[in-house]
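Each reported figure results from applying straightforward, stated rules to the coordinates on display, with no laboratory input. Since the model is a prediction, treat every value here as computed from it, not as a measurement. With ideal geometry, Cβ positions are generated from the backbone for all residues, glycine too; neighbour counts draw on all protein chains shown.
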Amino acid sequence: MLDFTEYTKIFISLFAIIDPVGIIPIIIAFTAGMTAQKRERVGRMASFSVFGILLAALLLGEAILSFFGISIHSFRTAGGILLLLMAINMLIGNKPTLTPDDLDSDATSSVAIVPLSTPLLAGPGAISTVILDAHKASSMGHYGMMALVLAALSFTVWLTFIVAPLISRRLGKIGSIIVTRMMGLLLAAIAVEFITGGLRGLFPALG
């Protein structure tokens, strides 16, 4: 088991990788048109999903990837392609919005899990970092402390979703549209970084 300082460093590094604060404009874009209740539900589901994904990475990540013969670079490339498709929809204005008829459907659940939980928050970088940190010690206490770190990170994700609607109300409808377009461009750039990083790992000659 590591000392408390090391677990603090792990939390800070994962917080920087997940960057829940930086994703607030994207949260606003993908939750536009939702009621406050639905946004809260999306935030709750996203935080639980992030915790579940990273906990699975902690306990089973390397074994799952090895079992299916998937490298973290392949995972990164696939996540980048998914993000790029969503970014294109945001840029051309075809991102589906939720209507009252959709409020009882699975639409909010799908948004909470993909793309908000993964690959934006619990993406390849966070998953690979958790897998590497899991190997720093082998005791049950270490895994318990790692689980607490992941729970703290998930709590910060939930807080982010609580703050996002307040910012959205200040922006207004036109402001939200502008932010959606800007975030679509930013998301496309992030997607390209995901893809190029994955391809470099898969084909070192490209680096």
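Tabulated values for the structure
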item: Footprinting exposure proxy for I70, I10, I167 (fewest neighbouring C-beta atoms within 10 Å first); result: I70, I167, I10
item: Cβ-derived FRET efficiency at R0 25 Å, I92 paired with I174, nearest 0.05; result: 0.90
item: Fewest-first ranking of V179, V42, using other Cβ atoms within 10 Å as the exposure measure; result: V179, V42
item: 11 Å reach of a label modelled at I167, 7 Å along Cα-to-Cβ, counting backbone N of the range 28-46; result: 28-29
item: For a label point 7 Å along the Cα-to-beta-carbon line of A63, residues of the range 128-169 with backbone N under 16 Å; result: 131-132, 134-135, 138-140, 143-144
item: Cβ-defined net charge surrounding A36, 14 Å radius [Lys, Arg +1; Asp, Glu -1]; result: +4
item: Cα centre as origin, Lys/Arg/Asp/Glu Cβ charges: the chain dipole, Debye; result: 520
